[in-house]
């Protein structure tokens, strides 16, 4: 669940001409034999694939019975997944698997992709931002504040990894179409490895939440666990991601309500020992993030339409089409920015008024300018825009502590 707890691509070269260069190259010809139906071929960036760029990007080439896909790994070696009547092996010397440094880099890179870093950043930033709303004076920045903040962030990030990892375990076949660069979909992680990781992080998250003795923190973790599990697990009455409305409600409940209220109360009541008070900035943050959470829930399915359609996931994008959902998301965000603009105007604090009004006006302008220039026929462009939406999400959490 990519965004429950909770990058950009440039226009791609022609898949046909690019694939022909790989197919006709010496590296590909030397690697072929007639012994298996699929394998991985490693091709160094300097030899053939330097036209590709950072972040995951796949190209498909159909040449007879052959299908190729490409993406980049952190060791700057591109992997080619070939499914054909021929067996492929790595060209000698292209990669030294015995090099311990390469093994460490590959392990870190695989876990980085498995953890879905944009959700990790969003979770950490949101907790820090909401925790700052509990600060009333400079003396509140004491060791208790930083200890309580660290407890909340670490426990939530471990739960985040459980949720996104569980989603990948139940979406392996879908991800082979939508996100072939993920470790389970690419075969870098076995199912057993994935189960071990998500189980370990779930146990550690609950353990930390329990030993801290903060009921707001524990309930935030528990509710996130329930919703994240129900979202992904393919059991009767579960697998809520199949329903577009229920899936959106899950994300909204966690991102807009639990993160704002539970982590604020963790700082307010557990760390500072103050009575629970729902301040004006907290109410604003909850309302604004309700809009944003709906947008993330809708937008995440736009670049995944092909795989969702094949596997019967009836998202709003599958039902209504990419263009309608895209512009619905833009409209919701612009409405949210308009509300934030109005909140800034009525603020009694001058510096908060200036920052809130100017900040949201700038973000709304950037959003509109970029939305008008997007090519909705390009999956790479849509995926890039989805990452841009997450950047707007991060920017909002930088502004929220300044709302007064």
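The values are calculated or read from the model by the stated rules, or taken from the named source; none is laboratory data. All of these numbers come straight from a predicted model, not from anything done at the bench. Every residue, glycine among them, receives a Cβ derived from its backbone with ideal geometry; neighbour counts consider all protein chains shown.
Quick check: anything in segment 346-356 buried (at least 19 other Cβ atoms within 10 Å of the Cβ), in contact with a helix residue (DSSP H, G or I) (Cβ under 7 Å, 6 or more places away or on another chain), outside the structural domain of residue 251 (by TED's automatic domain parsing) and at pLDDT 90 or above? The answer is yes; a qualifying residue exists.
When you check residue 297 against the structure, is it surrounded by 22 or more Cβ atoms within 10 Å (Cβ to Cβ) and not assigned by TED's automatic domain parsing to the domain that holds residue 241, yes or no? Answer is yes for this residue.
Out of 247, 253, one residue alone is touching a helix residue (DSSP H, G or I) at 6+ places or on another chain (Cβ under 7 Å), buried (at least 21 other Cβ atoms within 10 Å of the Cβ), in a helix (DSSP H, G or I) and modelled with pLDDT under 90. It is 247.
Have a look at 273, 312 and point out the one that is in a loop (DSSP other than H, G, I, E, B), out of contact with any helix residue (DSSP H, G or I) (no Cβ under 7 Å at 6 or more places or on another chain) and either assigned by TED's automatic domain parsing to the domain that holds residue 181 or buried (at least 17 other Cβ atoms within 10 Å of the Cβ) (or both).
Numbers: 312 fails: either assigned by TED's automatic domain parsing to the domain that holds residue 181 or buried (at least 17 other Cβ atoms within 10 Å of the Cβ) (or both).
After ruling out the rest, the residue left standing is 273.
Does residue 151 count as surrounded by fewer than 22 Cβ atoms within 10 Å (Cβ to Cβ), outside any helix (DSSP H, G or I) and in the same structural domain as residue 226 (by TED's automatic domain parsing)? So residue 151 does not fit the description; no.
Here residue 278 meets the list (1) within 28 Å of residue 174 (Cβ to Cβ); (2) part of a loop (DSSP other than H, G, I, E, B); (3) out of contact with any helix residue (DSSP H, G or I) (no Cβ under 7 Å at 6 or more places or on another chain) almost entirely, failing just condition (1).
Do the conditions hold for residue 169, that is, is it at pLDDT 95 or above, within 16 Å of the chain's Cα centre (by Cα) and surrounded by fewer than 20 Cβ atoms within 10 Å (Cβ to Cβ)?
Here the answer is yes, as residue 169 does meet what is asked.
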